[in-house]
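Colleague: Shown below is the structure under consideration.
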Amino acid sequence: MADTQVAIVGGGPAGTLLAHLLESHGIESVVLERRSRDYVLGRIRAGVLEQGTVDLLAAHGLGDRIDREGLRHTGVNLAAGGRVIRIDLAARTGKAVTIYGQTQVQTDLYEARDAAGGAMVFEAEDVALHDLESDRPRLTYSVGCESTTFGADFVAGCDGSHGVCSSYLPAVRRYATDYPFGWLGILAATPPVCDELIYANHPNGFALCSMRSRQLSRYYLQCPMDTDLEEWPDDRFWDELRTRLPATVGDNLITGPSIERSITPLHSLVSEPMQVGRLHLAGDAAHVVPPTGAKGLNLAVSDVHYLSRALAAYYRDGSTGLLNAYSRTALSRVWNAVRFSWWMTQLMHRFPGDGDFGLRMQQTELDYLATSRAAQTAMAENYVGLPL
Ligand code: APR
Ligand code: PHB
């Protein structure tokens, strides 16, 4: 493997988009991905794209399929106490969100890398970083029995929440919280119950009505972390979902056999700083948010926007100001998304030990959201995404 300018560890959305953005600045990179291409593409992940994400992808030649297949939503709904509160995103912010699965984003990114002849190494095992504090870091990895080493000017750690790159940050401080429940998710080839998303707060627990397309529904139920999927056959899921939704919504629910079911834990983690020497972290490698705010993919995009801009400045004129400020710049946006995801999770879920007081606090906040334009604007501007 020849030396390169930027070595990227991780071929998920963060790593692949970073390679694509660097290419637009004429910066060479190599992506090392532990899994196979098909494995990465086989992951089913949410895709609620903020306006800024859609605009950035479009600005870099990745907008055509989103325009054709993405579902643009100008509103989002909160349900509680038998009523539905619609937050008019467009009226409050002039922006919208677009439903476009992460798998589709990943497919588009891989196709763009193929078209550009981008260097991607799949099934790269035992990636290790060396000499990160020097001006010539080195990486080692193996594919099958063949070991390889190469040098780079910079290393981007885009290897997600189970990667290795964050372990190379000596002074990292981790801010973490685990939520005392999970999400039981189901995918069904049925028309979504509503043409927008519905986040529901019910005494039995949270429910979410989402979608992948007009023919593919995605639903979630808050569940205890030790929930056994085998105890939740489809009929039980559909009955409980209908129970947690207002009758005006539940009566329209079209059920069908599940084509995928899963249980997702909810936690939050932020690693500070996001850089050391020539290593810069981006995406889930640096931070994880609960899915309640649909921020994970969007934060990966904003991180690599800031990082690619900083690297472009360095290669353009040797300036290091943006590179030195990368962690601070990215974390400012990360913490806003972590706070919003925490706020949405606190507002819409039943927490053990909350009691009547906690329930009354949620009801009061929802009443405020139902009647206050200021409250709706605050929620809307966070949901569509704060400016990059
Ligand atoms: N070496 C090489 N690749 C690795 C290693 C490693 N040691 N460890 C992990 N990887 C790869 C994973 O196989 C994965 O494809 O890094 C990639 C990281 O991708 P993601 O986990 O998707 O993280 P990111 O690119 O930051 O995207 C964040 O993905 O997980 C969702 O909810 C998350 O939507 C958010 C988005
Ligand atoms: C999803 O469609 O999987 C989804 C949508 C919105 C969320 C989380 C998940 O907040």
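The values are calculated or read from the model by the stated rules, or taken from the named source; none is laboratory data. No experiment lies behind these values; they were computed from the predicted model shown. Every residue, glycine among them, receives a Cβ derived from its backbone with ideal geometry; neighbour counts consider all protein chains shown. Just the protein is used for accessible areas: all its heavy atoms, side chains included, with ligands, DNA and RNA removed. Shrake-Rupley method; radii C 1.70, N 1.55, O 1.52, S 1.80 Å.
Colleague: Highest first, please rank the peptides 94-102, 266-274 by the mean number of other Cβ atoms sitting within 10 Å of their residues.
Modeller: In descending order of packing, they fall as 94-102, 266-274.
Colleague: Treating each Cα of region 241-327 as an identical point scatterer and ignoring solvent, apply the Debye formula and state log10 I(q)/I(0) at q = 0.12, 0.20 Å⁻¹.
Modeller: Taken in order of the listed q values, log10 I(q)/I(0) reads -0.57, -0.98.
Colleague: In µm²/s, what is D for region 143-296 at 10 °C and 1.306 mPa s, where D = kT/(6 pi eta Rh) by Stokes-Einstein and Rh is the Kirkwood radius from Cα pairs?
Modeller: In µm²/s, the coefficient is 88.
Colleague: Looking at the chain as a GNM with Cα springs under 10 Å, which of Val276, Val143, Val164 has the largest mean-square fluctuation?
Modeller: Of the options given, Val143 has the highest mean-square fluctuation.
Colleague: Measure off, as a whole percent, the carbon and sulfur share of the 1.4 Å-probe accessible area of region 1-78, all protein chains present. Let's see the in-between values first.
Modeller: On the way: 1400 of 3150 Å².
Solvent-exposed carbon and sulfur of region 1-78 make up 44 percent of the total.
Colleague: Helix 296-317: angle to the longest alpha-carbon principal axis of the chain, degrees 0 to 90, nearest 10?
Modeller: 30 degrees
Colleague: Given the Cα atoms of region 149-220, and with Rh set as the inverse mean 1/r over their pairs in the Kirkwood sense, what is Rg to Rh to two decimals?
Modeller: 1.20
Colleague: Right, something else. Report the label-to-label distance for Ala176 and Asn336 in nanometres (one decimal), using points 7 Å from each Cα along the Cα→Cβ vector.
Modeller: 2.7 nm
Colleague: I need the semi-axes of the equivalent ellipsoid of the chain: take the C-alpha gyration tensor, multiply each eigenvalue by 5, square-root it, list largest first in whole angstrom.
Modeller: Output for the chain: semi-axes of 38, 22, 20 Å.
Colleague: Let me ask another. At 10 °C and 1.306 mPa s, grab the translational diffusion coefficient of region 284-381 from Stokes-Einstein with a Kirkwood Rh over Cα pairs, rounded to a whole number in µm² per second. Please list the in-between numbers first.
Modeller: Numbers: Rh = 15.8 Å.
For the chosen part, D equals 100 µm²/s.
Colleague: Something else: With each run of n ≥ 4 DSSP H residues scored as -39500 (n - 2.57), what mean residue ellipticity at 222 nm is computed for the chain after dividing by its residue count and rounding to the nearest 500 deg cm²/dmol?
Modeller: Calculated at 222 nm, the ellipticity per residue is -11500 deg cm²/dmol.
Colleague: Then there is this: Compute the separation of the alpha-carbon centres of region 176-238 and region 99-119 and state it in Å as a whole number.
Modeller: So the two Cα centres are separated by 28 Å.
Colleague: Report the gain in length on full extension from Ser134 to Arg65: 0.36 nm times residue separation, minus Cα-Cα distance, nm rounded to one decimal.
Modeller: Full-extension gain reported as 20.7 nm.
Colleague: Next up: Restricting things to alpha carbons, tell me how big region 1-121 is in terms of Rg and Dmax, in Å.
Modeller: 17.2, 62
Colleague: Roughly how many percent of the accessible protein surface of region 239-388 is carbon and sulfur, given a 1.4 Å probe and a whole-percent answer?
Modeller: C and S atoms contribute 54 percent here.
Colleague: What angle do you read, to the nearest 10 degrees and between 0 and 90, between the alpha-carbon axis of helix 13-24 and the longest principal axis of the chain?
Modeller: The angle comes out near 50 degrees.
Colleague: Where only protein heavy atoms count, and the probe is 1.4 Å, what is the accessible area per residue for the chain in Å²?
Modeller: On the way: 16320 Å² over 388 residues.
Heavy-atom SASA per residue in the chain reads 42 Å².
Colleague: What is the antiparallel percent of DSSP beta bridges lying wholly in the chain, to the nearest 5?
Modeller: Values: 56 of 75 bridges.
Beta bridges within the chain, antiparallel portion: roughly 75 percent.
Colleague: For region 122-234, which whole percent of the accessible surface, found with a 1.4 angstrom probe, sits on carbon and sulfur atoms?
Modeller: Details: 2540 of 5180 Å².
Percent of accessible area from carbon and sulfur atoms in region 122-234: 49.
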